[in-house]
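Below is one structure, written out as structure tokens; comments come after it.
The numbers here are math on the coordinates, done by the rules we state, and not lab data. Worth saying up front: this structure is predicted, and the values here are computed from it rather than measured.
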Ligand SMILES: *Cc1c(COP(=O)(O)O)cnc(C)c1O
């Protein structure tokens, strides 16, 4: 079998040297992969339990149109999300177009003029800078008289508790906590650390709303931020919880009041959750959620494999090869533009879709430098599918994530290594 497999890899363009290097690294990861499998098993049971409790039936997959009144499939799915993630209520809609939209919706609907938003974990994800108004933008929170305060993490990655205490004032209404590192090289926060931060914030101001940007975090651990005191968690369905099948969508899960505010903002005051046809996508939301725990486990294995490969080759990887995982993102700092581009070309070349195209750096809406993106996805921009991207500026870090199956993630990483190897950008001899 291994000879047949090696030959198949060779047909795909992976040289013997690269393949063998990969096999050595993989052999060392057996125990970690077993832990990931048992976490996936636990989360799979959680999803099934939530579906059974809410009596998911074939009728839930019916297509609604127009206003979408009494859309049982949509309403039931929202109960499933609430139970699965530990919230009182949920808004899970195809009308939420992406993660940024879900986050903007959660913020704009729960903040009022005169309120202040606080990020106690440093700069938020790039696209949120325009939502908040850190970079001036039409329709930002700043335009509506909502101010913003930020407390950076300390140099060692810990919370600046003194700074946070000083920053919380009578105007502070909502605290936003980004779980994943996004395009920063700070560590991703574990659910446990998020819980510590929320407890501290609430000890100073109990009625402040704590929101977690949960993008890329779902199902990586055995619990989610709502179980450690968050009032709201928010994410994208073309990342983890959509399991690769959801073609669009976002979610907000949490306290009833927070979700209600978001619903009135998404549709209209007075209408809220009652309208919003699910068109034909609802079955893929269910099926994607059902598959998500195993899909996430494949993506996690890919991230850990990549970390161990590139760490061995002397690059800085965040998280490092042995660290515990709290999201599916792997950053590799190449410190070199050519190596960054070669890596992305390898990911692209390994894709089931668009494998023949060459990714090029490009100016993207919402980002302040050129971005290179490699993805050959079934769903455009889906980053639970194998993808790599990063802003083309020092330290030339690539953010690698996804893989609907571990085997595809593995091929992608081997192909990236192949490209670097062919261009003499690494030494594996
Ligand atoms: C992806 C992501 C977002 C934005 O989601 P989009 O779907 O790209 O708009 C926000 N925050 C974090 C941490 C993310 O990873």
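Data table
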quantity: Computed over region 24-124: relative contact order in percent, which uses C-alpha pairs under 8 Å that are six or more apart; calculated: 17 percent
quantity: 222 nm mean residue ellipticity, helices alone, for the chain (DSSP H n ≥ 4; -39,500 (n - 2.57); rounded to 500); calculated: -13000 deg cm²/dmol
quantity: Residue with peak Gaussian network fluctuation, the chain [Cα springs, cutoff 10 Å], from 102, 199, 230; calculated: 199
quantity: Size of the chain as Cα extents on the principal axes (Å, biggest first); calculated: 64, 52, 38
quantity: Length-normalised contact order of the chain in % [C-alpha pairs under 8 Å, at least 6 apart]; calculated: 18 percent
quantity: Shape call, region 141-288: gyration tensor on alpha carbons, a/c limit 1.5; calculated: oblate
quantity: Kirkwood hydrodynamic radius of region 300-382, Cα pairs, Å; calculated: 14.0 Å
quantity: Fraction of beta bridges assigned by DSSP in the chain that are antiparallel (%, nearest 5); calculated: 65 percent
quantity: Extension gain from residue 324 to residue 161, taking 0.36 nm per residue of separation minus the Cα-Cα distance; calculated: 56.3 nm
quantity: Overall form of region 209-335 per C-alpha gyration tensor (a/c, 1.5; a/b vs b/c); calculated: prolate
quantity: Per-selection metrics, region 262-306 (Cα): Rg and Dmax in Å; calculated: 16.8, 50
quantity: Most mobile listed residue (310, 396, 407) in the chain, GNM with C-alpha springs under 10 Å; calculated: 407
quantity: Cα-Cα P(r), region 106-158, percent of pairs per 10 Å interval; calculated: 25, 53, 18, 4
quantity: Counting DSSP beta bridges with both ends in region 207-285, the antiparallel % (nearest 5); calculated: 60 percent
quantity: Cα centroid separation, region 267-309 to region 191-205 (Å); calculated: 27 Å
quantity: Rounded Å value of the spacing that divides the Cα centres of region 67-90 and region 208-229; calculated: 18 Å
quantity: 0 to 90° range, to nearest 10: angle between helix 99-110 axis and the chain longest Cα axis; calculated: 20 degrees
quantity: Global form of region 126-225, assessed from the alpha-carbon gyration tensor, a/c cut-off 1.5; calculated: oblate
quantity: Choice from 124, 225, 361 showing the highest fluctuation, given a GNM over the chain with Cα pairs closer than 10 Å; calculated: 361
